[in-house]
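Asks: Take this structure first; my questions come after.
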Amino acid sequence: MTLETLKPKVEDIIKLSSASVDERLMNICKLLEEHISHYNWVGFYFKNGNKNELKLGPYVGEPTDHTIIPFGKGICGQVAVSNENFVVPDVAAQDNYIACSITVKAEIVIPIFKNGKNIGQIDIDSNTPDPFTEDDERFLEFVCEKVSRMIS
Ligand code: SME
């Protein structure tokens with residue numbers, strides 16, 4: 001399935017107000033992991049209250065020990081501070097990287113903004129080296145924008 005054809009499916013999930021926010025986030029993770037072959041771990045991290053750390057939200061893929069990530073640490077923690085997309089073609093080339101699984105070769109993290117504030121992010125790990133293109137960035141920005149609107 002192409003990224004374009006997945007967009008309306010993301011919107012359908014977001015619109016389903018009978019489901020909780022976490023259920024809908026989980027369904028987005030499942031949709032992306034199932035239909036995009038280079039997405040092997042898909043999850044959301046959100047700012048943990050007033051603390052300068054991220055807390056793991058819904059995700060699909062191997063369980064991770066990194067349920068709390070301090071701002072500045074790893075790819076995720078850096079995005080919490082930079083407010084910018086972070087595309088990592090080769091995780092082995094990164095100094096500030098938190099390994100979750102030895103099978104992971106690449107990672108992409110896109111921030112989620114609410115009223116101009118960076119409130120969290122979508123994090124995707126790939127077992128394929130250098131798989132992410134600008135199409136992934138634009139698609140994931142679309143997902144993050146929809147998620148932002150769903151969150152009050
Ligand atoms: N690799 C991430 C940690 C989160 S896991 O990929 C699930 C990082 O360096 O921040």
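Asks: In region 112-147, which residues have a backbone nitrogen under 20 Å from the label point lying 7 Å from S17's Cα in the Cα-to-Cβ direction?
Replies: 115, 145-147
Asks: Okay, next question. Any idea what the dipole of the chain comes to, in debye rounded to 20, about its Cα centre with Lys/Arg Cβ at +1 and Asp/Glu Cβ at -1?
Replies: Once rounded to the nearest 20, the dipole reads 720 debye.
Asks: What does the charge count near H66 come to, summing +1 for each Lys or Arg and -1 for each Asp or Glu among other residues with Cβ under 14 Å from its Cβ?
Replies: -4
Asks: Which cross-chain or sequence-distant (5 or more) residues have an amide H under 5 Å from the amide H of T64, H modelled 1.01 Å from N in plane?
Replies: For T64, whose amide H was placed from the backbone, there are no distant partners under 5 Å.
Asks: For region 77-149 and region 31-68, what is the separation of their Cα centres, given in Å?
Replies: 10 Å
Asks: Below 8 Å between Cα atoms, with a sequence gap of 6+, how large is the relative contact order for region 3-150 in percent?
Replies: With pairs under 8 Å counted, the relative contact order is 23 percent.
Asks: Once amide H atoms are placed 1.01 Å from N in the peptide plane, what residues at a sequence separation of 5 or more from W41, or on another chain, have their amide H within under 5 Å of its amide H?
Replies: D125
Rule-based calculations on the coordinates, nothing more; no lab input. Since we're looking at a predicted model, the values are computed, not measured. Heads up, the Cβs are rebuilt from the backbone with ideal geometry, glycines too, and the neighbour counts pull from every protein chain shown.
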